[in-house]
1. Among the residues of the stretch C:50-65, count how many are away from every other protein chain (no Cβ under 14 Å), surrounded by 13 or more Cβ atoms within 10 Å (Cβ to Cβ) and in a helix (DSSP H, G or I).
2. Among (1) surrounded by 11 or more Cβ atoms within 10 Å (Cβ to Cβ); (2) within 16 Å of residue A:37 (Cβ to Cβ), which single condition is residue A:148 missing?
3. Filter the stretch C:126-143 down to the residues that are at the interface with chain B (Cβ under 10 Å from one of its Cβ atoms) and free of Cβ contacts under 8 Å to residues at least 24 places away in the same chain, then identify the one that is nearest to the chain's Cα centre (by Cα).
4. So if I check each of C:76, C:103, C:86, which one is within 8 Å of chain B (Cβ to nearest Cβ), modelled with pLDDT under 80 and not in a loop (DSSP other than H, G, I, E, B)?
5. Among the residues of the stretch B:84-115, count how many are surrounded by 11 or more Cβ atoms within 10 Å (Cβ to Cβ) and either at pLDDT 70 or above or assigned to a helix (DSSP H, G or I) (or both).
6. Within the bounds of the stretch C:33-43, is there any residue that is surrounded by fewer than 22 Cβ atoms within 10 Å (Cβ to Cβ) and more than 11 Å from every other protein chain (Cβ to nearest Cβ)?
7. Among (1) out of contact with any helix residue (DSSP H, G or I) (no Cβ under 6 Å at 6 or more places or on another chain); (2) touching a residue at least 60 places away in the same chain (Cβ under 8 Å); (3) part of a loop (DSSP other than H, G, I, E, B); (4) more than 8 Å from chain B (Cβ to nearest Cβ), which single condition is residue C:70 missing?
8. Just give me the residues in the stretch A:113-126 being within 16 Å of the chain's Cα centre (by Cα) and surrounded by fewer than 16 Cβ atoms within 10 Å (Cβ to Cβ), in sequence order.
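The values are calculated or read from the model by the stated rules, or taken from the named source; none is laboratory data. If you're wondering where the values come from, they're calculated on a predicted model, not measured in any experiment. No Cβ is skipped: glycine too gets one built from the backbone with ideal geometry, and neighbour counts run over all protein chains shown.
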């Protein structure tokens with residue numbers, strides 16, 4: 001009996017407590033930087049696309065919402081011809097980000113993607129690509145990879161010794 | 001007032017007939033409730049508002065609820081309705097709603113515009129009922145009290161649960 | 001029509017309109033107050049202070065599909081929601097809002113209220129039975145048992161007031177409280193009456209017939225659209241009814257210091273009780289079914305009987321002297 005009255009009184013006192021509610025559209029929560037929200041494609045520091053069209057993200061995606069087609073430019077650098085993410089299927093698990101070998105695909109803290117038309121949730125490459133390096137500033141895949149590509153020969157990458165001529169006898 | 005009395009009695013008779021002719025038991029009980037309400041109305045018109053209220057509280061409110069309770073537990077299906085239909089083939093034409101609406105309209109009219117007075121002009125209030133119950137009829141009250149007491153004791157006896165020894169060592173010893 | 005008839009009609013229409021406006025308004029009040037006591041805001045978007053949520057909710061209920069399940073007993077299924085509203089509205093006939101503002105000052109006022117509340121049990125029983133659904137049936141059986149058993153000492157607890165005032169008429173009872181509100185000599189009666197009242201309106205913590213966490217929605221699981229809405233309105237009307245009757249019987253009805261008109265006093269007191277109903281909902285958990293019945297029959301019934309006997313003795317002694 002006493003405990004009932006006590007709980008009534010305690011609940012009554014909650015009238016004067018601070019509200020817990022966040023009045024969302026006007027007042028926004030600060031999201032952590034690792035928040036898994038909208039997916040973006042990032043660029044190198046020198047503004048080249050990071051994506052090399054390896055299809056690993058599409059393979060890792062548990063709901064098969066990523067589709068892309070790889071192609072090459074005249075320098076032999078691979079890039080996606082189209083890159084399409086269907087956000088009406090995406091579950092924001094972040095597996096694509098983990099699978100990506102070049103840090104191209106990243107999830108950013110932004111979740112306000114509501115649409116009235118379902119078709120608008122299918123994002124094309126033009127909507128996905130951003131003009132920046134995202135979470136890994138300064139990282140340039142082609143500058144550290146051993147691959148010879150337009151303008152950069154073998155052994156010219158960072159932390160890479162020039163190739164050894166195995167046919168020469170001179171040490 | 002007289003016309004109200006006749007309407008209420010008419011409703012009571014019709015509802016009681018419908019109780020008998022209904023196929024569905026719950027529907028029949030609903031008509032029985034309407035019949036009780038009509039009888040309560042008759043009591044009211046005759047100048048016994050106390051009895052009218054008790055009629056509704058005890059008969060319509062408590063006893064029929066218990067009856068419906070039992071019928072709900074019986075789990076009657078469509079077959080039993082069909083069986084009843086075979087026995088008695090009559091279409092449901094007038095629902096208890098119509099009858100209840102007539103009664104309700106009467107009651108509202110009376111409550112709002114007519115002073116409480118009996119058909120012959122003598123109203124028996126709650127006080128008079130109490131005085132006669134505890135005056136000339138006190139033996140009847142006491143006797144019914146004893147009867148109800150017996151009922152309560154019997155219900156307690158039937159509903160009593162034997163205390164079970166739940167301890168696993170003691171249980172083996174009991175056997 | 002003479003003046004008395006017009007006056008009477010005005011009172012009837014006024015009471016009806018007032019109730020039917022206030023009852024949906026309680027949707028807003030309840031949600032705001034619950035939020036207040038749970039550190040939230042509640043509905044505050046539609047209109048000033050979210051008041052238009054009432055309109056939105058009502059419109060939503062109107063436009064929802066009004067579905068009658070094919071396995072139900074159509075006739076009883078449709079009848080059941082009506083019963084609760086009709087019986088509760090009928091009970092308001094005997095509630096005295098202010099001196100003279102009463103639809104009918106019956107000399108059996110309290111009994112009339114009891115009769116209607118006992119008829120109200122039918123809506124739960126029939127609604128649950130007609131739905132032809134296991135959960136509904138369970139809910140309605142619980143509801144019937146609860147309402148019948150709590151009605152017993154609801155009536156008995158009110159008898160103390162009747163003894164003190166010597167009348168069943170609500171108007172006379174309020175008049176008899178000029179010296180002292182009955183809540184002081186009849187405190188036990190007030191507590192038991194109020195508990196029985198909560199059980200009678202099957203509000204939390206005694207919402208055993210609905211018990212969302214056990215029985216989906218209990219007796220109105222199968223109801224949708226406006227039929228559900230009518231059950232909803234009936235529940236809110238029940239809250240108002242129990243609050244008004246408590247005020248009239250124990251808290252001096254319209255009596256109060258004369259700087260406010262009597263009607264305002266009555267409404268203020270009633271509003272306080274409505275808020276208390278909501279506070280109960282916000283803070284107390286639902287008891288188990290057998291606990292509820294045990295509590296009713298083993299604690300509250302002896303208490304009310306004791307209260308009745310003591311009151312009768314005191315009244316008799318005073319008369320004798």
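1. 7
2. (2)
3. The qualifying residue nearest to the chain's Cα centre (by Cα) is C:141.
4. Among C:76, C:103, C:86, only C:76 is within 8 Å of chain B (Cβ to nearest Cβ), modelled with pLDDT under 80 and not in a loop (DSSP other than H, G, I, E, B).
5. Qualifying residue count for the region: 20.
6. yes
7. (2)
8. The answer is A:113, A:124, A:126.
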